[in-house]
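Have a look at the structure below before the remarks.
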Amino acid sequence: MIPKVMTIAGSDSSGGAGLQADLKTFQEYGVFGFSAITSIVTMDPAAGWSHEVTPLVSDLLAKELKTIYAGAPLQAVKTGMLGTVENVQVIAQYLTEFQQKNLVVDPVMACKGTAGLLQPELAYAMRDLLLPHALITTPNLVEAGILAEMGELTTTDEMETAAKKIAALGPQYVIIKGGHRLKTTAAVDLFYDGQTFTYLTGEKYATDFNHGAGCTFAAAVTAGLAKGNTPLVAAKKAKAFVNAAIKQGVKINPFLGHVWHGAYNDAEARMNQESRNNG
Ligand code: PXL
């Protein structure tokens, strides 16, 4: 049976991050994707593409979760942007009630277009209510610095210290995404299993078209878990998947470019080849 996977996330109206990134990634992995929307992010082209986050009420989120869990157990769940503390509380209730396994918490605290932290209380709610349920959490350098109470991280030594502190908050595995912010020549992510550190390295591409990279990576990890991969194998595959997506990023408007979620599988090339073969 096809693995079933849910993302609980915000809608990125521009289509590259958030639940759009998650569902596209799930599809590429061949897992069946469900989405529970927590908030809607819109951007204003007349104001330099400034972001606005409109959260949905938690009653509505509860109805979405009820709908999705009515089917059967989900093999894995990912959380992203959650909108309000009430939403986090509802999510924690459902995770407990359904004894959800394979939870990946991507502790989204801001998007590139928003000024500073969205809401500090939301970061604490994710830390206190979700991380204890998580198998894996995937913070970027800023989020890891906040969760570990270390300020922004700039070196791999600091990443290791932060990973230990974050693991103490509940998750069995911590993956800190070094991404483009880390001043290394390669793109370096740190994988910590509670005992050993493994560095996942990939090529760093000189591109600005990387909107959605963090969400796509966490979604790929989630899909890999649903397919039965170990966390380390899921992380390594996710890295390869997102590397291809960044390498083939697409400029979608004058303001930004998205990762291309379909790059790794390149289904388009296969379909073109098929139509040539079929005349
Ligand atoms: O990349 C963080 C992010 C997560 N979720 C949603 C977003 C963004 C950034 O734009 O819109 C819904």
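Structure data summary
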item	result
Among (1) on the phi > 0 side of the Ramachandran plot; (2) within 13 Å of the chain's Cα centre (by Cα); (3) away from the ligand (no atom under 12 Å from the Cβ), the one test that residue 18 misses	(3)
Residue count, the range 248-274 (criterion: hydroxyl-bearing (Ser, Thr, Tyr) and loosely packed, with under 11 Cβ neighbours inside 10 Å)	0
Residue satisfying condition, being more than 16 Å from the ligand (Cβ to nearest atom) and closer than 28 Å to residue 23 by Cβ, within set 209, 241, 217	241
Cross-chain or 6+ apart pairs with Cβ under 9 Å, the range 80-98 first and under 21 Å from residue 12 (Cβ atoms), then of a type in the set (Phe, Trp, Tyr)	none
Residue pairs meeting the criteria (Cβ under 6 Å; at least 6 apart or on separate chains; first closer than 19 Å to residue 130 by Cβ, in the range 9-25; second of a type in the set (Asp, Glu) and near the ligand (Cβ under 8 Å from one of its atoms))	18/12
Qualifying strands (runs of 3 or more DSSP E) (wholly inside the range 47-143; at least 2 residues being in contact with a helix residue (DSSP H, G or I) (Cβ under 7 Å, 6 or more places away or on another chain))	76-79, 103-105
Residue, farthest from the ligand (Cβ to nearest atom), within the range 181-206, restricted to residues that are charged (D, E, K, R) and not in a strand (DSSP E or B)	193
In the range 73-89, residue farthest from the ligand (Cβ to nearest atom) [restricted to those that are buried (at least 24 other Cβ atoms within 10 Å of the Cβ) and of a type in the set (A, V, I, L, M)]	76
Complete set of residues in the range 172-187 that are crowded, with 17+ Cβ neighbours inside 10 Å and modelled with pLDDT of 95 or more	173, 174, 175, 176, 177
Checklist (1) modelled with pLDDT of 95 or more; (2) buried (at least 18 other Cβ atoms within 10 Å of the Cβ); (3) not β-branched (Val, Ile, Thr) applied to residue 51, failing item	(1)
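The values are calculated or read from the model by the stated rules, or taken from the named source; none is laboratory data. Because the structure is a prediction, the values reported are computed rather than measured. Note that we place each Cβ from the backbone using ideal geometry, even for glycine, and neighbour counts take in every protein chain shown.
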